[in-house]
Amino acid sequence: MAYASQSGRARTSARSPQAHAICDRCGFRYNHVDLRWQFDFAGASLINKRILVCSPCYDRPQEQLRAIVVPADPMPIINPRVQDFVTAETNTRVTSGQNTVDPVTGIPIPGGNKRITEDDDTRVTQQTGEAPGGLNQEPGTDPNAPGNNDPGLPYNNTEVPKTGPNTP
């Protein structure tokens, strides 16, 4: 090696001369080829801060300055169908239809009124069984099922709800 002299941290050579430069951070003399530009994040890209620094003074770009790129929203569904949770969770009987009329009094009953028993208890929905007029007059029971001697009563009923023509 034919180094003629040391000038700070720069190499000086008579055979292959290289320019010297001063680091913009520490102020030491280096060869210009050993200095590099300092970059930092600004938004989603890197920008050159126009500072030439030596290797010990170089800072990695600060990730906290990087912009967060939020992905686009997914494509919406055309004609979505949302489950009707209110109806699915209802466990009371209500009147329905446009022209419901009390068969005893003949008074019109508006749709959506809760039905009650003679003791002012709310009537519950039918668990299983036939529709009114069917053969199974005690829905929720199956005497042929194994171990079904005491089927229990749904929704804290005191007796099995009845269906049929004599049901209030």
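Values computed for the structure shown
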| read-out | value |
| --- | --- |
| Built amide H within the under 5 Å cut-off of Q18, gap 5+ | S13 |
| Nonlocal amide H pairs with R25, under 5 Å, H built at 1.01 Å | C54 |
| Using a Förster distance of 30 Å, the FRET efficiency for A21-A67 (Cβ separation, nearest 0.05) | 0.40 |
| Radius 12 Å from Cβ of C23, net charge of other residues (Lys, Arg +1; Asp, Glu -1) | +2 |
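Every number here is computed from the coordinates shown, using simple stated rules; none is lab data. Owing to the predicted nature of the structure, the values given are computational and were not obtained by experimental measurement. Every residue, glycine as well, gets a Cβ built from its backbone with ideal geometry; the counts of neighbours run over all protein chains shown.
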